[in-house]
């Protein structure tokens, strides 16, 4: 059986059902995914990529580990010669300031707990302890913090939309089957 023949042999209601299923599937893919890419920030010769755990999706009231992969194209940067800090801001208010340090893997990392869901600005700032040891830098990242599911037991809006799409799709399919069998 040819796919085009099958589709053309369907009634208008059958085609509507297929379009509805396709649309519902697209909605689930669009609204159900939350993948964020790492972004490269640059200030002069200093550039860096920020990675946060868990899975680049920080949750409120849960410790979030961050790692900053820093690169100095002039190759003059040294953590030992840096007065480096991370500052967390929300709504133009500073929530946290702490010094940066190297971890066991020789990368810049730390832990922060975001108190609420929403957008936060993470500012990494570095100034040389010895003048002209390297170029001072300021790198700004915006992180969107999600509500911790453990703190909110209500279903998410994505889940609700998904369930509505599934129920509507199943209702349309059932209606199409009923109409099809009643017309025979």
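Details
This table checks each residue for (1) modelled with pLDDT under 60; (2) over 27 Å from residue 166 (Cβ atoms).
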{"position": "4", "(1), (2)": "yes, yes"}
{"position": "15", "(1), (2)": "no, no"}
{"position": "45", "(1), (2)": "no, yes"}
{"position": "87", "(1), (2)": "no, yes"}
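- When the stretch 127-149 is filtered for residues that are loosely packed, with under 15 Cβ neighbours inside 10 Å, free of Cβ contacts under 8 Å to residues at least 60 places away in the same chain and either touching a helix residue (DSSP H, G or I) at 6+ places or on another chain (Cβ under 8 Å) or assigned to a loop (DSSP other than H, G, I, E, B) (or both), the ones remaining, listed by number, are 129, 130, 131, 132.
- Yes/no for residue 88 being free of Cβ contacts under 8 Å to residues at least 40 places away in the same chain, closer than 21 Å to residue 57 by Cβ and surrounded by 12 or more Cβ atoms within 10 Å (Cβ to Cβ): yes
- Test for residue 106: is it under 17 Å from residue 65 (Cβ atoms), at pLDDT below 90 and surrounded by 11 or more Cβ atoms within 10 Å (Cβ to Cβ): no
- Checking each residue in the stretch 52-87 for being at negative phi and part of a loop (DSSP other than H, G, I, E, B) picks out 54, 57, 58, 60, 62, 73, 74, 76, 77, 78.
- The numbered conditions (1) free of Cβ contacts under 8 Å to residues at least 60 places away in the same chain; (2) under 18 Å from residue 144 (Cβ atoms); (3) touching a strand residue (DSSP E or B) at 6+ places or on another chain (Cβ under 8 Å) are all true for residue 41 except (1).
- Remark: residue 105 matches the filter, which requires a residue to be within 21 Å of residue 53 (Cα to Cα), in a loop (DSSP other than H, G, I, E, B), free of Cβ contacts under 8 Å to residues at least 24 places away in the same chain and out of contact with any helix residue (DSSP H, G or I) (no Cβ under 7 Å at 6 or more places or on another chain).
The values are calculated or read from the model by the stated rules, or taken from the named source; none is laboratory data. Keep in mind the model is a prediction, meaning the values are calculated, not measured. All Cβ positions, even for glycine, are placed from backbone atoms using ideal geometry, and neighbour counts span all protein chains on display.
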